[in-house]
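Have a look at the structure below, then the notes.
The values are calculated or read from the model by the stated rules, or taken from the named source; none is laboratory data. The structure displayed is predicted, hence computed values, not measured ones. Because the Cβ atoms are built from the backbone with ideal geometry, glycine has one as well, and the counts that use them run over all protein chains shown. Note: areas computed on protein heavy atoms with side chains; ligands, DNA, RNA excluded. Shrake-Rupley method; radii C 1.70, N 1.55, O 1.52, S 1.80 Å.
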Amino acid sequence: MIKFNDENLAEVEKLIQHYPEGKQKSALIPVLHLAQSQFNGWLDVPVMDYVASLLKIEPIEVYEVASFYSMFNLKPVGKYMFEVCHTGPCMINGSDKIISYINQKLNIGVGGTTEDGIFTLKTVECLGACGYAPMMQLGKNYREHLTEEKIDAIIDECRGNNSDTINNFNKMNA
Amino acid sequence: MSKKLLLAKAHIEGIRSYDVYRGEGGYSSVEKALKMQPAEIVEEIKKSGLRGRGGAGFPTGMKWGFLAKPEGVPRYLVCNADESEPGTFKDRYLMEFLPHLLIEGMIVSAFALGSNTSYIYIRGEYHWITDILQKALDEAKQNGWLGKNILGSGFDHEMYLQRGAGAYICGEETALLESLEGKRGNPRIKPPFPAVKGLWDCPTVVNNVETLAAVVPIINEGAEAYSKIGIGKSTGTKLISACGNINKPGIYEIEMTESVEEFIYSDRFCGGIANGKKLKACIPGGSSVPILPANLLLNTAKGEKRYMNFESLSDGGFATGSMLGSGGFIVLDEDQCIVKNTYTLARFYRHESCGQCSPCREGTGWMEKILKNIDDGKGKMSDIDLLWDIQRKIEGNTICPLGDAAAWPVAAAIRHFRDEFEWHVLNPEKCLTENYGLAHYADPIHVAVAV
């Protein structure tokens, strides 16, 4: 049974209050963010149907939104997603090299997930960190001025966190 | 030294917190504004000459003046914090370090517009900034700057944050409103404009983060003082986010009287080209504005010095000029490949096209493929003319300006750097390992002919 935890349910209630009566659909994108963080980093159809029922809208209204925005994953992803920017300003500062280093280091292509399910590599378009390029998004934060050494350290950091007992996915991707 | 109106206090320790911000005189513009008539504030903004800082440079006071005021219908103020134009990262800085400045500017603006509810729509990727802003909003509310009957003025106002989820198009104001309503970010056909039918069909003003922040010094120091800073129709200060091959990338608040040359080479700003290289080209106002070769960047076609303001950067139109745009200043050194750079931008626009209008949906993908071929040494001479033809057919033929934004970089690259495209076609193997370099672009007598 798919259901938000109490904390997220309370958050949904709060979000709906931000809009005039009857306009609860406006909470859809924030609610999908909550859903993605609680349900393993991606939006499965039953999850989207649950969100539709919560907001009293049709499932198609959720699907069409989830498929439009690049931050919503419609397929399973690794626990840690490396979202490396490769638009102009990052390209000028060597994002291609960073991407191929990650390819080689984790033995995955762009869009791929490591066999242990820990890492996914994705390329993204401009994230607004052009002055601090090359960069990537990891969970809630940006990692900037990337070098091969920094990538090594980030990979170690994720692997270290992964052995912790707490749910690190939520910690890093909340 | 450029006067700082927005970032003057950015480096004060703890300025992100309410107590320090208030201690430094924060929220004084709200105290002043609530004693004024709303129409007086709109008039002040008009007099200040403030122009929208999101990219289009439309006069803010005039935009406010268009807001419809039918009886019994709520009006909304929406802050566009969806900063996504490649090269632009200034709003991020403002929100990250001075969250209360934005909130202060929004309270004053909302009072002027008669809006009891406002929203900050922030791009989803700026997740950690959402937390910073939310904390600031909570502090503002606890201290009586938001809520019912603010400072006993009878004015009620609530402000909410909403995160997007990754879509450049949501920086277009009608797409942003669609997204805020929980829909796909498909731009609306205008008219009606948001000032008449915006959020949930109610009159709405959508302003950029920097624009709303600029309301604070205008109210504090007066429109007249503000309008004296800068030059001509480029009043006040502008945040420039500088990136690419420069020594000191970052955010600079400048008076719009600085020359482009000074901005690039002075240690007060970019500090020159990195690694002792030469300047090849620059995209001065975010990726959608025309790229200029060094000679046309530093001087206009008439040989006059170019300045960092709306008028000077667009001197010569698109034939020999560009635009100040969002202030996303991207510098390319002699080792950069114009074809590759144009390809990544074309790919960006293909990725971000919402797909509503066929010229944009089909054209952006087509341009991307052709540019990739040329970059990979698989291009034909006729591809260059084909690219020119496609961009012409996109420009002006779409509901929103994303089509234009995709067409302009391609057009300008061919207009000014056609030889480099031809060199790629003529040297299919060499272009994979070598760069065309500066060639004759640094030569001041080179002036493009194709328009």
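Observations
- Two-site FRET efficiency, B:Lys35 against B:Gln134, from Cβ-Cβ distance with R₀ of 30 Å, rounded to 0.05: 0.55
- Charge dipole of region B:328-450 (Cα centre as origin; +1 on each Lys and Arg Cβ, -1 on each Asp and Glu Cβ, all else neutral): 480 debye, rounded to the nearest 20.
- Leading residue at positive end of dipole, region A:1-131 (Cβ point charges), from A:Gly109, A:Phe72, A:Leu15: A:Gly109
- For B:Glu334, residues with placed amide H under 5 Å, excluding near neighbours: B:Lys278, B:Lys280
- Karplus-derived HN-Hα couplings along region B:359-366 (A = 6.51, B = -1.76, C = 1.60, θ = phi - 60°), whole Hz, x at Gly and Pro: x, 7, 4, 7, x, 5, x, 5
- Computed over chain A with a Gaussian network model linking Cα atoms closer than 10 Å, the most mobile of A:Pro76, A:Pro134, A:Pro46 is A:Pro46.
- Residue (of B:Ala39, B:Gly25, A:Pro134) at the positive-pole extreme of the protein assembly as shown, dipole from beta-carbon charges: B:Ala39
- A simple rule links phi to the HN-Hα coupling: the Karplus curve 6.51 cos²θ - 1.76 cosθ + 1.60 with θ = phi - 60°, which for region B:112-125 gives 4, 8, x, 9, 9, 9, 9, 10, 9, 9, 10, 4, x, 5 Hz, with x for Gly and Pro.
- Rounded, prolate or oblate (a/c below 1.5 giving rounded, otherwise prolate when a/b exceeds b/c) for region B:1-70 by Cα gyration tensor: oblate
- The string of couplings for region B:168-176 from the Karplus curve (6.51, -1.76, 1.60, θ = phi - 60°) is 3, 4, 6, x, 6, 4, 6, 5, 4 Hz, one whole number per residue in order, with x for Gly and Pro.
- Pairwise label distance in nanometres, B:Glu261 with B:Arg392, each label 7 Å out on the Cα-Cβ vector: 3.6 nm
- Taking every C-alpha pair closer than 8 Å and separated by at least 6 residues, the mean separation divided by the residue count of region B:287-351 gives a relative contact order of 29 percent.
- Choice from A:Ile60, A:Ile155, A:Ile99 showing the highest fluctuation, given a GNM over chain A with Cα pairs closer than 10 Å: A:Ile60
- 20 Å cut-off, amide nitrogen to a point 7 angstrom out along B:Asn116 Cα→Cβ, residues in region B:149-189: B:149-161
- Of all aspartates and glutamates in the structure, the ones whose alpha carbon falls short of 18 Å from that of B:Lys69, not counting any fewer than 8 places away in one chain, are B:Glu40, B:Glu43, B:Asp156, B:Asp201.
- Taking a point 7 Å from the Cα of A:Glu64 along the Cα-to-Cβ direction, the residues of region B:315-359 with backbone N closer than 13 Å to it are B:356.
- When +1 charges are put on Lys and Arg Cβ atoms and -1 charges on Asp and Glu Cβ atoms, the dipole computed for region B:158-251 relative to its Cα centre reaches about 300 debye.
- Cα-centre dipole for the protein assembly as shown with unit charges at Cβ (Lys and Arg positive, Asp and Glu negative), debye to 20: 820 debye
- For the protein assembly as shown, dividing the convex hull volume of the Cα atoms by the residue count gives 153 Å³ per residue.
- Projecting the Cα atoms of B:Ile370, B:Tyr436, B:Ile150 onto the dipole axis of the protein assembly as shown, where Lys and Arg carry +1 and Asp and Glu carry -1 at the beta carbon, places B:Ile150 farthest toward the positive end.
- Between amide H atoms placed 1.01 Å from N, distances below 5 Å from B:Gln162 occur with B:Ile120, B:Tyr121, B:Ile122, all of them 5 or more places distant or on a separate chain.
- Surface per residue (accessible, 1.4 Å probe) for region A:24-71, Å²: 36 Å²
- The trypsin sites (Lys or Arg not before Pro) of region B:14-108 meeting both criteria, a DSSP state outside H, G, I, E and B (loop) and at most 12 other C-beta atoms within 10 angstrom of the site's C-beta, are B:Lys35.
- Partner chain coverage, peptide A:69-77 - average Cβ within 10 angstrom: 3
- Cleavage-rule hits, trypsin sites (Lys or Arg not before Pro), region B:258-316, DSSP coil, Cβ neighbours within 10 Å at most 11: B:Lys302
- In a DSSP loop and with at most 10 other Cβ atoms within 10 Å, there are no chymotrypsin sites (Phe, Trp or Tyr not before Pro) in region B:47-88.
- Listed by chain and number, the aspartates and glutamates placed with their C-alpha closer than 13 angstrom to that of A:Lys122 are A:Glu83, A:Asp96; residues fewer than eight positions away on the same chain are left out.
- Among beta bridges that DSSP assigns inside chain B, antiparallel share in %, nearest 5: 45 percent
- Seen through its C-alpha gyration tensor, with square-root eigenvalues sorted a ≥ b ≥ c, region B:1-146 comes out rounded because a/c lies under 1.5.
- A straight Cα-to-Cα reach below 18 Å connects B:Lys302 with the aspartates and glutamates B:Glu261, B:Glu311, B:Asp315, B:Asp443, residues fewer than 8 places away in its own chain not being considered.
- DSSP beta bridge pairing in the protein assembly as shown, given as percent antiparallel to the nearest 5: 45 percent
- Using 0.36 nm per residue and subtracting the Cα-Cα separation, the extra length available between B:Lys148 and B:Asp419 on full extension is 91.2 nm.
- Relative contact order %, chain B, counting alpha carbon pairs below 8 Å whose residues are six or more apart: 16 percent
- Burial of accessible area (probe 1.4 Å, heavy atoms of protein chains only) in region A:113-128, relative to its chain alone, reaches at least 10 Å² for A:Glu125, A:Cys126, A:Leu127, A:Gly128.
- Global form of region B:257-397, assessed from the alpha-carbon gyration tensor, a/c cut-off 1.5: prolate
- Shown for region B:59-105: residues covered by the partner protein chains by 50 Å² or more of accessible area relative to the chain by itself (probe radius 1.4 Å), namely B:Phe89, B:Arg92.
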